[in-house]
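Notes follow once the structure below has been shown.
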Amino acid sequence: MEAADPELTKAFQQLQSKKQETAQQVELMDNKIGGTARAVKISELTLAEVSDQPIDAHLYRCIGRAFFLSSKTGIQDFFQTKVSKLNENIRAYQESKAVLQKELKESEQAIRELVMRKKQQMSSLSSSGSTGTAGNWDKPD
């Protein structure tokens, strides 16, 4: 039995490690997207509750361990900017995830091309070796 090509073996090992790293990074991005989406939902719900309050209501905003009296418009502005920033973060995480998946597909394609090149080299070597003078021995003189 023929031994495996060391170049192919090394390439497959690198692909396997890249797949594992990418899977971990994609899972991390999914977790970040999920956590950020929950924070957006909480902020939107809070914003809806604040909007239901009368304009002169005493509203407090938590900053660290302290609560500070704030105006309704101040709290609404805070949560609106928070929601927009969180949505930007979600888009950035989704773009990062797409880039990771694209890089993985490109490396898989590179491995496929390497395998095809090796097959072509092997077939060209085997076909050139069999068409030598051996073909002339079969013909009668």
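Candidates are the residues of segment 13-36 that are surrounded by 14 or more Cβ atoms within 10 Å (Cβ to Cβ) and hydrophobic (A, V, I, L, M, F, W, C); the one that is farthest from the chain's Cα centre (by Cα) is Leu15. Taken across segment 67-75, residues that are under 31 Å from the mean Cα position of the chain (by Cα) and surrounded by 12 or more Cβ atoms within 10 Å (Cβ to Cβ) do not occur at all.
Within segment 95-109, restricting attention to residues that are of a type outside the set (Gly, Ala, Ser) and either closer than 14 Å to Phe12 by Cα or free of Cβ contacts under 8 Å to residues at least 24 places away in the same chain (or both), the residue that is surrounded by the most Cβ atoms within 10 Å (Cβ to Cβ) is Leu104. Would you confirm whether or not segment 18-28 contains a residue that is touching a Lys or Arg at 6+ places or on another chain (Cβ under 9 Å) and outside any helix (DSSP H, G or I)? Within segment 18-28 (the criterion being touching a Lys or Arg at 6+ places or on another chain (Cβ under 9 Å) and outside any helix (DSSP H, G or I)), the answer is no, since none of the residues qualifies. Filtered by the rule that a residue be of a type outside the set (A, V, I, L, M) and free of Cβ contacts under 8 Å to residues at least 40 places away in the same chain, segment 83-94 gives Ser84, Lys85, Glu88, Arg91. When segment 44-102 is limited to residues that are of a type in the set (A, V, I, L, M, F, W, C) and within 25 Å of Leu28 (Cβ to Cβ), the one that is modelled with the lowest pLDDT turns out to be Leu100. Quick check, is Arg38 at pLDDT 95 or above and either farther than 30 Å from Glu106 by Cβ or assigned to a helix (DSSP H, G or I) (or both)? Judged against the criteria, Arg38 is a match. Scanning segment 39-56 for residues that are surrounded by 11 or more Cβ atoms within 10 Å (Cβ to Cβ) and farther than 20 Å from Ser84 by Cα yields one hit, Gln53. What are the residue pairs meeting all of these: first residue in segment 54-70, first residue in a strand (DSSP E or B), second residue loosely packed, with under 10 Cβ neighbours inside 10 Å, Cβ atoms under 6 Å, and 6 or more apart or on different chains? So the pair list comes out as Tyr60/Leu69.
The values are calculated or read from the model by the stated rules, or taken from the named source; none is laboratory data. On a predicted model such as this, the values are computed, not experimentally measured, just so you know. Cβ sites come from the backbone with ideal geometry, for glycine too, and all protein chains shown count toward neighbours.
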